[in-house]
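Here is the structure we will look at, set down as structure tokens.
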């Protein structure tokens, strides 16, 4: 088994985004945000599972990329936490600083599939853009936008509003290029039964003209 041309970029970006939102929702930064912490903790666990699977089947170059980026993200989060807790004294100041970072990395997370979207347009194939991942991104953005409107949390609203838009674009691309995506059997040179014309005698079947 191999990862072929699948990229870890969306999972790496989402892991960073989840870590920042977990920090944002902690009582010392933004009190009464237990839902934000809970959901993003689950999200972080899932992203780490995805990255672990990718790591197992990726070539050495792909593994080095995953290790390097995850280590960099942990280091960055440590710096952010230290600066926030020492340089910002009130909850409002801490929420503003971490909230802005969450928006920035939320945009990066939702923009990370752009590399895949470009490939979809270039190859006219959605093989490497999973439908359910795109659908989940869209629904996730819509749900968090609704939550942000209820709580009127500007940072959650901006990041996830862009996320819903990104997910919608991915779904539109999927609808446009789904039919033009070559099937695996076609790529491997296997002739489908529907493309065979049975001969009248005992000879082999031949492709229909």
Give the residue, chosen from 57, 24, that is at pLDDT below 90, over 12 Å from the mean Cα position of the chain (by Cα) and outside the structural domain of residue 144 (by TED's automatic domain parsing). 57
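Let's see how each residue does on (1) more than 17 Å from residue 23 (Cα to Cα); (2) at pLDDT below 90; (3) in contact with a helix residue (DSSP H, G or I) (Cβ under 7 Å, 6 or more places away or on another chain):
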site	(1), (2), (3)
82	no, no, no
93	no, no, no
120	yes, yes, yes
130	yes, yes, no
153	no, yes, no
On the basis of being modelled with pLDDT of 85 or more, buried (at least 16 other Cβ atoms within 10 Å of the Cβ), farther than 14 Å from residue 19 by Cβ and within 20 Å of the chain's Cα centre (by Cα), does residue 103 make the cut? yes
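Which of the following residues is in contact (Cβ under 8 Å) with a residue 40 or more places away in the chain and surrounded by fewer than 15 Cβ atoms within 10 Å (Cβ to Cβ): 56, 35?
Values: 56 fails: in contact (Cβ under 8 Å) with a residue 40 or more places away in the chain.
Residue meeting the stated conditions: 35.
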Would you check if residue 62 is surrounded by fewer than 19 Cβ atoms within 10 Å (Cβ to Cβ), modelled with pLDDT under 90 and within 26 Å of residue 117 (Cβ to Cβ)? yes
Members of segment 65-80 that are more than 20 Å from residue 22 (Cβ to Cβ) and at pLDDT 90 or above: 67, 68
Considering only segment 75-100, how many residues are under 22 Å from the mean Cα position of the chain (by Cα) and in contact (Cβ under 8 Å) with a residue 40 or more places away in the chain? 5
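The values are calculated or read from the model by the stated rules, or taken from the named source; none is laboratory data. This is a predicted model, so every value here is computed, not measured. Virtual Cβ from ideal backbone geometry, glycine too; neighbours counted across all protein chains shown.
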